Amino acid sequence: MNYNVNEKGYYGEFGGAFIPEMLYPNVEELRQKYLSVMAEPDFIKEFNQLLKDYVGRPSPLYYAKRLSKKYNTKIYLKREDLNHTGAHKINNTIGQILMAKRLGKTRIIAETGAGQHGVATATVCALMGLECIVYMGEIDIARQAPNVARMKMLGAKVVPALSGSRTLKDATNEAIRDWINNPVNTHYIIGSAIGPHPYPDMVTRFQSVISEEIKWQLKEQEGTENPDYVVACIGGGSNAAGTYYHFLHEQDVKIIAVEAAGLGVDSGESAATSVLGKEGIIHGCKTLLMQTKDGQITEPYSISAGLDYPGVGPMHAHLAKTGRAEFMAITDDEAMTAGLELCQLEGIIPAIETSHALAIFEQRTFKPDDVIVVSLSGRGDKDLDTYIKYFKL
Amino acid sequence: MNRIQNKLQEDKKLLSIYFTAGYPNLDDTINIIQELEKNGVDMIEIGLPFSDPLADGPTIQASSTKALKNGMTSEVLFNQLKDIRKTVNIPLIIMGYFNPILQYGVEAFCKKCQEVGIDGLIIPDLPVDVYHDDYKSTFETYGLINVFLITPQTSDERIQFIDSVSNGFIYMVSSASVTGSQSGFGDENTRYFKRIANMNLQNPQIIGFGISDSKTFTQATEYAQGAIIGSAFIKFLSDHPIDKISKFVTSIR
Ligand SMILES: Cc1ncc(COP(=O)(O)O)c(C=O)c1O
């Protein structure tokens with residue numbers, strides 16, 4: 001079984017590029033050039049240099065001793081929270097800004113949910129001196145205020161998305177409309193492993209540095225490159241795609257994907273796409289998608305803005321469909337509890353998105369000698385307001 | 001021959017009107033269609049509303065949201081249209097995004113279109129390549145014409161390909177934009193209109209996006225066989241009753 005994208009842009013039956021003709025020239029240019037640009041020696045050099053000197057990579061692979069003790073298994077945390085700007089998102093924006101420059105683009109647009117991708121995009125635009133416009137749902141602007149301020153300080157223009165559920169899906173719609181209106185000078189930096197081909201694959205490749213590092217770091221610490229499990233939370237699926245990438249075809253490595261159940265999978269207020277979704281088309285790709293019987297995209301819900309998306313990247317739809325990955329759904333309450341637990345056991349305040357991945361240990365038992373690598377996708381600074389309200393701190 | 005093909009043989013500039021089914025009220029669909037035909041409109045695009053209309057500006061977005069709230073679905077639309085051919089003769093095209101059609105089942109959708117007398121489809125997010133490989137024969141089985149978009153950025157080579165796959169008309173998007181966001185046409189638009197006119201394509205072209213009044217209609221049809229008005233008509237419907245549609249149509253030509 002192949003878990004990577006094929007030449008036509010599909011992962012099994014998922015993927016493709018279902019885009020209006022207006023977007024075709026841009027997406028096609030990217031499709032034709034992304035692999036060759038990424039293979040250019042000076043691209044690789046610049047990308048790696050920035051990841052090292054600017055982002056602070058490699059990010060540590062940390063053996064979480066007290067957490068492991070509590071759950072009687074061996075838990076490693078891949079510390080993407082220690083990256084510059086506080087999450088994995090910057091791996092992708094560094095890659096895409098270098099791509100945009102090589103394509104001769106001068107104006108950058110992005111969508112953001114939690115604001116992490118918006119901040120990471122605003123950051124690389126400042127770094128390269130490019131104009132930056134970030135679309136963000138009105139609801140998310142309210143619940144992620146610190147990140148809105150950060151983007152503004154970094155010189156980006158934050159435009160509220162006022163349609164639909166006013167969250168990530170709608171911000172993405174607005175970004176796509178902007179791209180239709182500005183087809184020549186603009187590059188759209190998509191923030192997750194979603195969108196029309198080649199985006200899911202390109203984003204996955206930029207994020208694959210996560211699993212590339214896990215391999216040699218685990219070898220150093222455990223004497224083996226392969227853990228028993230890799231675990232990540234899934235919004236659109238970029239930190240997960242990066243965490244899984246080099247293990248996809250290692251059959252002894254089990255993959256766990258953690259979705260947001262919101263108030264509960266059957267509550268009507270959820271974002272657990274692999275359970276609630278059905279094959280459909282969102283933002284230019286065929287994937288699993290939460291929708292009505294009539295094909296209207298429904299409004300997801302999660303306490304975490306970064307997981308509040310009604311689809312998953314096509315690679316993950318394929319992993320779900322083929323059974324390669326085990327999907328788990330974690331509620332708001334379970335995630336919040338797990339987040340606080342990490343603070344108290346390890347002295348790390350995780351992003352609420354990440355807390356979903358950490359919550360699996362209450363749901364599922366692992367063997368004492370199982371080695372489990374969890375993607376600690378981001379830090380919780382941006383979520384302090386939500387934590388404060390939730391725990392009445 | 002399909003009604004669209006017949007209409008395109010007429011020696012005149014065609015006025016085509018887009019409206020969103022289920023807007024302003026769920027049951028306005030038939031009245032709007034009849035009223036448009038009565039006032040000399042040549043062709044109608046019936047918008048099947050979608051929750052996430054990527055290629056549409058605020059006006060059509062808002063009408064789609066309202067139509068969905070009113071209860072419009074593919075099923076409801078087909079029910080409304082079931083006797084339409086008893087009273088209406090002009091070509092009728094359904095314009096909608098791909099996901100609702102995919103969920104209905106592409107073949108079932110096409111079959112239903114043929115049953116009620118729909119002549120063609122415009123599906124902005126179904127790329128010509130996918131259509132060509134996966135769905136062309138289904139559309140043909142049910143006598144449906146699929147209409148593709150081109151834009152000022154579409155390469156000549158791709159336009160030739162689209163022309164070769166088309167069997168009705170080519171929908172020329174007037175400029176790089178979502179629907180409704182033009183206030184008039186300038187030199188750049190005109191250069192593009194001329195460039196396409198000079199390509200001598202086998203399919204006639206109809207220009208859409210940004211046609212809002214008689215001036216833009218006249219400008220567009222100088223180079224193309226017709227023009228499509230959408231957002232401007234939706235705006236009209238939001239503050240005029242259906243029996244005033246004649247006022248809108250006569251203001252165009
Ligand atoms: C810290 C963090 N983790 C995870 C996600 C989810 O995105 P993805 O599934 O693309 O990794 C986000 C999105 O904003 C995030 O900020």
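Against the numbered list (1) within 15 Å of the ligand (Cβ to nearest atom); (2) away from chain B (no Cβ under 14 Å), A:F391 comes up short only at (1). Between A:C233, A:C285, the distinction of being within 16 Å of the ligand (Cβ to nearest atom), in contact with a helix residue (DSSP H, G or I) (Cβ under 6 Å, 6 or more places away or on another chain) and closer than 21 Å to A:S165 by Cα belongs to A:C285 only. Would you confirm, using the coordinates I've provided, whether A:T85 is within 16 Å of A:G191 (Cα to Cα), open to solvent by less than 10 Å² (accessible area, probe 1.4 Å) and either in contact with a Gly (Cβ under 8 Å, 6 or more places away or on another chain) or not hydrophobic (A, V, I, L, M, F, W, C) (or both)? Here the answer is no, as A:T85 does not meet what is asked. Of all the residues in the stretch A:13-25, those that are over 13 Å from A:H197 (Cβ atoms) and either open to solvent by less than 30 Å² (accessible area, probe 1.4 Å) or part of a loop (DSSP other than H, G, I, E, B) (or both) number 4. Within the stretch A:363-393, the residues that satisfy the criterion of being open to solvent by 10 Å² or more (accessible area, probe 1.4 Å) and polar (S, T, N, Q) are A:Q363, A:T365, A:T386.
Based on what the data block shows, is A:H249 assigned by TED's automatic domain parsing to the domain that holds A:E29, outside any helix (DSSP H, G or I) and either modelled with pLDDT of 95 or more or among the hydrophobic types (A, V, I, L, M, F, W, C) (or both)? No. Annotation: A:G223 fulfils all but one of (1) on the phi < 0 side of the Ramachandran plot; (2) more than 16 Å from the ligand (Cβ to nearest atom); (3) surrounded by fewer than 20 Cβ atoms within 10 Å (Cβ to Cβ); the unmet one is (1). Evaluate the stretch B:181-192: report whether one residue or more is of a type in the set (G, A, S) and in contact with a helix residue (DSSP H, G or I) (Cβ under 8 Å, 6 or more places away or on another chain). Taking every residue of the stretch B:181-192 in turn, at least one turns out to be of a type in the set (G, A, S) and in contact with a helix residue (DSSP H, G or I) (Cβ under 8 Å, 6 or more places away or on another chain).
When A:K152, A:K70 are checked against the criterion of being more than 16 Å from the ligand (Cβ to nearest atom), touching a residue at least 24 places away in the same chain (Cβ under 8 Å), farther than 19 Å from A:V37 by Cβ and open to solvent by 10 Å² or more (accessible area, probe 1.4 Å), a single residue qualifies: A:K70.
One line per residue, one yes/no per condition, for (1) within 12 Å of the ligand (Cβ to nearest atom); (2) within 14 Å of chain B (Cβ to nearest Cβ):
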position	(1), (2)
A:Q296	no, yes
A:T331	no, no
A:G339	yes, no
A:L342	no, no
A:I352	yes, no
A:H356	yes, no
A:V371	no, no
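Of all residues in the stretch B:16-29, those satisfying the criterion of being in contact with a Leu (Cβ under 9 Å, 6 or more places away or on another chain) and either without any contact (Cβ under 8 Å) to a residue 24 or more places away in the chain or among the hydrophobic types (A, V, I, L, M, F, W, C) (or both) are B:I17, B:F19, B:A21.
Filtering the stretch A:197-216 to residues that are open to solvent by 10 Å² or more (accessible area, probe 1.4 Å), in contact (Cβ under 8 Å) with a residue 40 or more places away in the chain and more than 16 Å from the ligand (Cβ to nearest atom) leaves A:H197, A:E213.
Scanning the stretch A:129-152 for residues that are of a type in the set (D, E, K, R), out of contact with any strand residue (DSSP E or B) (no Cβ under 6 Å at 6 or more places or on another chain) and at pLDDT 95 or above yields a total of 2. Taken over the stretch B:85-102, residues that are away from chain A (no Cβ under 11 Å), free of Cβ contacts under 8 Å to residues at least 60 places away in the same chain and in a loop (DSSP other than H, G, I, E, B) amount to 2.
Of the candidates B:K112, B:K82, the single residue that is among the charged types (D, E, K, R) and away from every other protein chain (no Cβ under 14 Å) is B:K82. Restricting A:E346, A:E362, A:E353, A:E341 to residues that are closer than 30 Å to A:E13 by Cβ and either charged (D, E, K, R) or touching a strand residue (DSSP E or B) at 6+ places or on another chain (Cβ under 6 Å) (or both) narrows the list to A:E353. Yes or no: the stretch A:303-312 includes at least one residue that is within 14 Å of another protein chain (Cβ to nearest Cβ) and not hydroxyl-bearing (S, T, Y). Yes; the residues of the stretch A:303-312 include at least one that is within 14 Å of another protein chain (Cβ to nearest Cβ) and not hydroxyl-bearing (S, T, Y).
The values are calculated or read from the model by the stated rules, or taken from the named source; none is laboratory data. It should be emphasised that the depicted structure is a prediction, and the values quoted were computed from it without experimental measurement. Positions of Cβ are generated from backbone atoms using ideal geometry, with glycine treated the same way; all protein chains shown enter the neighbour counts. Quick note on the areas: whole protein, heavy atoms, side chains included, nothing else; ligands and nucleic acids left out. Shrake-Rupley method; radii C 1.70, N 1.55, O 1.52, S 1.80 Å.
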